[in-house]
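> Below: one structure in structure tokens.
The values are calculated or read from the model by the stated rules, or taken from the named source; none is laboratory data. Because the structure is predicted, anything quoted here is derived from the model rather than measured. Using ideal geometry, Cβ is built from the backbone for each residue, glycine included, and neighbour counts are taken over all protein chains shown.
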There are 2 protein chains.
Amino acid sequence: MKRMVRVAVDAMGGDNAPGQIVKGTVEAINEREDIQVILVGKEEAINAELSNYTYDKERLSIVNANEVITNEEAPVMAIRRKKESSIVVALNLVKNGEADAFVSAGSTGAVLVGGQLIIGRIKGVERPPLAPLIPTIKGVSLLVDCGANVDARASHLVQFAKMGSVYMEHVVGIKNPRVAIVNIGAEEEKGNMLVKETFPLLKNCNDINFIGSIEAREIPHGGADVIVCEAFVGNVILKLYEGLGSALVGKIKSGLMSTTRSKIGALLSKPALKETLKSFDASEYGGAPLLGLNGLVVKTHGSSKSIEIKNSIIQCLTFVEQEINEKISIYIQEKE
Amino acid sequence: MKRMVRVAVDAMGGDNAPGQIVKGTVEAINEREDIQVILVGKEEAINAELSNYTYDKERLSIVNANEVITNEEAPVMAIRRKKESSIVVALNLVKNGEADAFVSAGSTGAVLVGGQLIIGRIKGVERPPLAPLIPTIKGVSLLVDCGANVDARASHLVQFAKMGSVYMEHVVGIKNPRVAIVNIGAEEEKGNMLVKETFPLLKNCNDINFIGSIEAREIPHGGADVIVCEAFVGNVILKLYEGLGSALVGKIKSGLMSTTRSKIGALLSKPALKETLKSFDASEYGGAPLLGLNGLVVKTHGSSKSIEIKNSIIQCLTFVEQEINEKISIYIQEKE
């Protein structure tokens with residue numbers, strides 16, 4: 001019998017909580033039978049939202065949490081003080097083995113800090129990176145680290161490369177994924193101090209398929225499967241993806257409305273255009289896992305709607321089924 | 001009488017030299033009467049190209065240079081050894097006052113190193129940044145530094161902000177330009193070590209309009225006029241702009257060709273779409289000036305066609321007419 005995967009979901013996190021979070025949870029439950037969700041947050045508010053839907057009640061439960069950590073709070077302080085917050089309560093469910101994974105659209109800082117402090121790192125992992133999938137013209141690439149560890153060291157980046165390879169191979173299904181380091185030129189001697197120090201270390205890793213440097217220009221063209229970079233750079237890449245995508249789409253829409261001729265053209269081409277742009281929308285690919293923890297933590301965008309929540313919950317299935325953490329653990333400990 | 005601006009152009013630099021360089025030069029000469037160009041490079045090759053065009057011969061001359069510096073050569077070595085290269089010969093024309101500006105689509109490293117070694121920095125300027133204009137939905141922003149000084153210090157970034165302000169105000173004509181530092185969150189306490197150190201210094205500058213942090217997401221939406229960042233980050237931003245733009249346009253084109261209905265739509269909306277995408281094409285905005293040198297050096301993209309060369313040459317006019325270097329000099333020395 002297939003194992004039931006249990007996901008704790010932060011019902012209070014993000015701009016659209018609890019409405020869209022509860023909706024996405026119900027959608028996930030209704031789409032997959034091998035999933036069980038524990039909604040963590042203010043019970044009354046969650047029940048009010050749940051009353052709008054029909055779903056398999058056996059696979060959806062609520063754990064009450066009266067506090068909420070906001071984006072404005074300092075993460076470490078918030079995690080230490082707000083023991084009754086949805087994030088802390090949910091992370092404890094994972095720690096205690098009552099859930100396999102945690103999904104939150106709440107404060108990134110609190111989720112990252114809480115994940116490390118409460119669940120803890122896999123033995124040997126120095127820094128757990130945040131690793132979202134980003135769309136390319138060939139499919140998707142994994143961007144690692146996109147915001148968890150600013151001012152990381154070379155040894156951290158090497159671990160990011162290894163953990164990212166495991167994820168791409170076993171969750172996304174890319175055999176022997178191509179690993180590249182973000183650089184400002186293709187040659188080995190190019191780069192800043194961190195990249196120059198990391199490059200030869202990656203070159204010496206026999207357990208990953210390191211293809212060298214990747215310039216940012218090649219990322220959207222699918223130049224590598226695992227894109228390794230320091231968190232500041234990764235965050236800039238991820239956010240520019242969002243910003244440039246929305247700016248261009250806005251420009252195109254207003255451009256198409258500029259003449260009568262183009263308006264008719266727009267009407268005819270709308271379905272095809274919509275499909276195209278959807279394939280380049282990062283939110284289609286679920287949330288970003290925090291790799292290297294003793295449990296799965298998935299951070300989704302603060303503006304997540306039900307679709308992102310649903311995708312993030314379903315993403316946990318593959319992660320757990322493929323025993324990614326067990327694989328990472330073996331990888332990091334044996335091959336360091 | 002209006003002053004004639006003299007621009008030395010590297011006829012041998014870039015993927016399309018000398019053909020497109022010569023073509024762009026002739027176009028610039030034919031468009032503006034207050035410009036004089038000295039084409040620097042292999043005389044015979046330049047003359048062969050020039051024979052295809054008609055133009056005012058009084059305003060176009062050739063200075064022979066037999067050597068060419070390639071992208072593969074180590075910049076410092078190349079500048080020191082290849083005294084007869086088009087880059088070194090042209091930079092000496094600027095140094096000796098025979099030209100006001102230098103435009104090159106050749107090796108970025110050689111142009112940056114050569115600019116500093118041969119022309120030299122304005123007194124007080126610690127590091128000259130490369131500062132291209134990038135398109136936004138509101139117009140353009142200046143990205144400074146996009147590749148000249150990796151691993152820069154906080155004091156360098158403060159100077160980038162000041163020089164960038166002068167440029168945006170007097171060349172682009174934005175009154176009291178909004179200056180922001182690229183960051184991974186909007187709050188003052190966010191960031192890596194460099195940004196945390198630079199932020200309060202910028203906040204204390206009374207001579208610039210510092211508006212705080214900008215997340216990469218807001219850059220294409222025109223969130224600031226002067227975008228300050230370290231060269232590695234700036235290079236990633238610039239190249240991702242290019243890569244994401246071309247990837248999305250490719251996606252959209254193939255999306256529009258996917259059904260008969262959308263094909264007809266595409267035909268009708270093509271002129272409007274083309275106009276829209278053109279406004280988001282970085283090459284429309286000329287080259288990137290290297291700010292803070294005792295003379296103007298403009299680096300254009302290695303793949304520049306005649307349009308970029310023409311725009312880069314014409315851009316020199318405003319720079320010289322507005323006495324940007326004199327303004328930078330006063331700004332840096334008086335207000336440090």
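> Condition (residue is more than 23 Å from the chain's Cα centre (by Cα) and of a type in the set (Asp, Glu)) applied to the stretch A:60-74: is it met by at least one residue?
yes
Table: residues versus (1) modelled with pLDDT of 95 or more; (2) within 21 Å of the chain's Cα centre (by Cα); (3) farther than 15 Å from B:Ala154 by Cα; (4) within 14 Å of chain A (Cβ to nearest Cβ).
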position: B:Pro177; (1), (2), (3), (4): yes, yes, yes, no
position: B:Ala180; (1), (2), (3), (4): yes, yes, no, yes
position: B:Gly185; (1), (2), (3), (4): no, no, yes, yes
position: B:Met193; (1), (2), (3), (4): no, no, no, yes
position: B:Phe199; (1), (2), (3), (4): yes, no, no, yes
position: B:Lys203; (1), (2), (3), (4): yes, no, no, no
position: B:Ile211; (1), (2), (3), (4): yes, no, yes, no
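> Which of the residues that make up the stretch A:234-246 are at the interface with another protein chain (Cβ under 7 Å from one of its Cβ atoms), of a type outside the set (Asp, Glu) and either farther than 17 Å from B:Gly250 by Cβ or surrounded by fewer than 20 Cβ atoms within 10 Å (Cβ to Cβ) (or both)?
The answer is A:Asn235, A:Val236, A:Ile237, A:Lys239, A:Leu240, A:Gly243.
> Exactly one of these conditions fails for A:Met77: (1) surrounded by fewer than 23 Cβ atoms within 10 Å (Cβ to Cβ); (2) outside any helix (DSSP H, G or I); (3) of a type in the set (A, V, I, L, M). Give me its number.
Against the list (1) surrounded by fewer than 23 Cβ atoms within 10 Å (Cβ to Cβ); (2) outside any helix (DSSP H, G or I); (3) of a type in the set (A, V, I, L, M), A:Met77 comes up short only on (2).
> Can I ask one more? What do you reckon, is A:Glu308 under 16 Å from the mean Cα position of the chain (by Cα), more than 14 Å from every other protein chain (Cβ to nearest Cβ) and part of a helix (DSSP H, G or I)?
yes
> Turning to a different aspect of this structure: Which one of the conditions (1) without any contact (Cβ under 8 Å) to a residue 60 or more places away in the chain; (2) over 15 Å from the mean Cα position of the chain (by Cα); (3) surrounded by fewer than 22 Cβ atoms within 10 Å (Cβ to Cβ) does A:Gly109 fail to meet, given that it meets all the rest?
If we test A:Gly109 against (1) without any contact (Cβ under 8 Å) to a residue 60 or more places away in the chain; (2) over 15 Å from the mean Cα position of the chain (by Cα); (3) surrounded by fewer than 22 Cβ atoms within 10 Å (Cβ to Cβ), just (2) comes out false.
> All but one of (1) at the interface with chain B (Cβ under 8 Å from one of its Cβ atoms); (2) touching a residue at least 24 places away in the same chain (Cβ under 8 Å) hold for A:Gly287; state the number of the condition that does not hold.
Against the list (1) at the interface with chain B (Cβ under 8 Å from one of its Cβ atoms); (2) touching a residue at least 24 places away in the same chain (Cβ under 8 Å), A:Gly287 comes up short only on (1).
> Could you please tell me which pairs satisfy a Cβ distance under 6 Å, a separation of 6+ or placement on different chains, a first residue in the stretch A:6-22 that is crowded, with 24+ Cβ neighbours inside 10 Å, and a second residue that is aromatic (Phe, Trp, Tyr)?
Filtered contacts from the stretch A:6-22: A:Ala8/A:Phe102.
> Would you confirm whether or not the stretch A:16-25 contains a residue that is among the polar types (S, T, N, Q), at pLDDT 95 or above, out of contact with any Ser or Thr (no Cβ under 8 Å at 6 or more places or on another chain) and over 25 Å from A:Glu73 (Cβ atoms)?
no
> Also: In the stretch A:118-149, which residue that is under 16 Å from A:Met163 (Cα atoms) and either within 13 Å of chain B (Cβ to nearest Cβ) or without any contact (Cβ under 8 Å) to a residue 12 or more places away in the chain (or both) is surrounded by the fewest Cβ atoms within 10 Å (Cβ to Cβ)?
A:Asn149
> Next up: Can we say A:Lys138 is among the basic types (Lys, Arg), modelled with pLDDT under 95 and over 20 Å from A:Ile332 (Cβ atoms)?
Taking the combined requirement at face value, the residue satisfies it.
> Right, something else. Looking at (1) more than 7 Å from chain A (Cβ to nearest Cβ); (2) of a type outside the set (Ser, Thr, Tyr); (3) touching a Gly at 6+ places or on another chain (Cβ under 7 Å); (4) surrounded by fewer than 23 Cβ atoms within 10 Å (Cβ to Cβ), which one does B:Val226 not meet, given that it meets all the others?
In the conditions (1) more than 7 Å from chain A (Cβ to nearest Cβ); (2) of a type outside the set (Ser, Thr, Tyr); (3) touching a Gly at 6+ places or on another chain (Cβ under 7 Å); (4) surrounded by fewer than 23 Cβ atoms within 10 Å (Cβ to Cβ), B:Val226 misses (4) alone.
> Something else now. Please give the number of the condition A:Val249 fails out of (1) farther than 23 Å from B:Arg217 by Cβ; (2) surrounded by fewer than 24 Cβ atoms within 10 Å (Cβ to Cβ); (3) more than 7 Å from chain B (Cβ to nearest Cβ); (4) among the aliphatic types (A, V, I, L, M).
Only one criterion in (1) farther than 23 Å from B:Arg217 by Cβ; (2) surrounded by fewer than 24 Cβ atoms within 10 Å (Cβ to Cβ); (3) more than 7 Å from chain B (Cβ to nearest Cβ); (4) among the aliphatic types (A, V, I, L, M) is unmet by A:Val249, namely (1).
> Under 24 Å from A:Leu112 (Cα atoms), more than 14 Å from every other protein chain (Cβ to nearest Cβ) and either modelled with pLDDT under 95 or surrounded by fewer than 18 Cβ atoms within 10 Å (Cβ to Cβ) (or both): is that true of A:Val172 in this structure?
Here the answer is yes, as A:Val172 does meet what is asked.
> May I pose another question? Looking at the stretch A:57-71, is at least one residue at pLDDT below 95, surrounded by fewer than 23 Cβ atoms within 10 Å (Cβ to Cβ) and not in a helix (DSSP H, G or I)?
Checked the stretch A:57-71: at least one residue is at pLDDT below 95, surrounded by fewer than 23 Cβ atoms within 10 Å (Cβ to Cβ) and not in a helix (DSSP H, G or I).
> Just one of A:Thr276, A:Thr259 is within 23 Å of the chain's Cα centre (by Cα) and over 30 Å from B:Leu194 (Cβ atoms); which is it?
When all the criteria are applied, what remains is A:Thr276.
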